[in-house]
Amino acid sequence: MNLHRMRKCCAVLMMLGVGAAQAQSFPTRPLRVVAPFTAGSTVDIMARVVSAKLSDVIGQQVLVENRVGAGGAVGIEAVARAPKDGYTMVLTASGLAIIPGLNPNLSWDPVKDFAPISQVATGPLIIVVNNDVPAKTLKELVALAKAKPGSLRYGHSGVGSTQHMAGQLLNVAAGINLGDVPYKGNEEALADLLAGRLEMNFQGIPSVISQIRAGKIRTIAVTSQKRSAVVPDVPTVAEAGFPDATASVWFGLLAPAGTPRPVVDKLSQSVVTVMKSQDVIDALAKGGSEAVSSTPDEFARLIREEVATWAKVIKQRGIKLE
């Protein structure tokens, strides 16, 4: 072994040793979880539920800080530039993987600038239609869209939102061209659906479950890989014949890239314990989300796959920020 390689190996071993030592003593002071959306938002509520339990598990207080702006990009960037010591994390959603495809000039990269810790939750969107739409299944809905181009429109809360992109993914998977109508929020889109001014919507289950049970709107499919326990009779898009239209909303914790792996692993193991807690499971279920966890490598793979998927959809559909 030449001198250069010996020095390189020694440096790696020293870094591993330092990281292991840090993990043994970590944490020695309070930790911070950045929620890049406003207080009361789904991400904020989830951050507070997870952080409260993580405080008990890891033995230090875990504080939540709201850093809002630019659709979550402000808080996400703040964590990307934070010290690489494991004391600052961000709890964010699947939009993390959408933003780069819409804004190639981002100052951060969801793959290169973060050390994934663990997923914490996932939840489907549900495709619903107003009662005047004749289609009863997803295949019938797609056939209607092909037979009468422009006859089906869905609402969403803005270009690049999960609801917007779920519709665009179905367009690509089914070879159709659903019209999309932007709103200030999902509540306005739902109001127009109920009033018959929109034909369909992609919505979080909690926001429409009462209208579904009252028979005011009709379900078509859920976008997740498996059926929802809340509406177990509603098939998935894959069961309906369109597996490439699968798109769950996920949430997870990330640290800055370069955080020592032993520290990341300790955080991940602690989060796994948190997500198995029944009170956390119940709290997230009330908001329509399923508590989950993953290894850092599993979460990293999901992010890479989603970035590639959404970049492809954005390019195929010619989607641009307004």
Check your understanding: Here is a list of conditions, (1) surrounded by fewer than 17 Cβ atoms within 10 Å (Cβ to Cβ); (2) of a type in the set (D, E, K, R); (3) assigned to a helix (DSSP H, G or I); (4) at pLDDT 95 or above, and Glu65 meets all of them except one; can you say which number that is?
Key -> (3)
Check your understanding: How many residues are at pLDDT 95 or above and surrounded by fewer than 14 Cβ atoms within 10 Å (Cβ to Cβ) when one looks only at segment 214-232?
Key -> 2
Practice item. Filter segment 122-163 down to the residues that are in a helix (DSSP H, G or I) and touching a residue at least 24 places away in the same chain (Cβ under 8 Å), then identify the one that is surrounded by the fewest Cβ atoms within 10 Å (Cβ to Cβ). Key: Lys146
Exercise for review: Output the residue which, of all residues in segment 247-287 that are buried (at least 19 other Cβ atoms within 10 Å of the Cβ) and among the β-branched types (Val, Ile, Thr), is nearest to Val49 (Cα to Cα).
Suggested key: Val280
Exercise for review: Please state which of the following conditions Ala214 fails to meet, knowing it meets all the rest: (1) within 17 Å of Ser248 (Cβ to Cβ); (2) more than 19 Å from the chain's Cα centre (by Cα); (3) small (Gly, Ala, Ser).
Suggested key: (1)
Point to revise | Enumeration of residues in segment 242-283 that are more than 30 Å from Lys139 (Cα to Cα), among the aliphatic types (A, V, I, L, M), modelled with pLDDT of 95 or more and not in a loop (DSSP other than H, G, I, E, B) | key: Leu253, Leu254, Ala255, Val263, Val264, Leu267, Val271, Val272, Val274, Met275, Val280, Ile281
Check your understanding: How about segment 18-62: which of its residues are surrounded by fewer than 17 Cβ atoms within 10 Å (Cβ to Cβ), in contact with a helix residue (DSSP H, G or I) (Cβ under 7 Å, 6 or more places away or on another chain) and part of a helix (DSSP H, G or I)?
Key -> Ala20, Val57
Exercise for review: Scan segment 165-191 and report the pairs whose first residue is under 19 Å from Ser224 (Cβ atoms) and whose second residue is in a helix (DSSP H, G or I) and among the β-branched types (Val, Ile, Thr), with Cβ atoms within less than 7 Å and a gap of 6+ or a chain change.
Suggested key: Met165/Val313; Gln168/Val313; Leu169/Val313; Val172/Val313; Ala174/Val142
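The values are calculated or read from the model by the stated rules, or taken from the named source; none is laboratory data. The shown structure was predicted, so the numbers you read here are calculated from the model rather than taken from an experiment. When we count neighbours, we look across all protein chains shown, and the Cβ atoms used for this are built from the backbone with ideal geometry, even at glycine.
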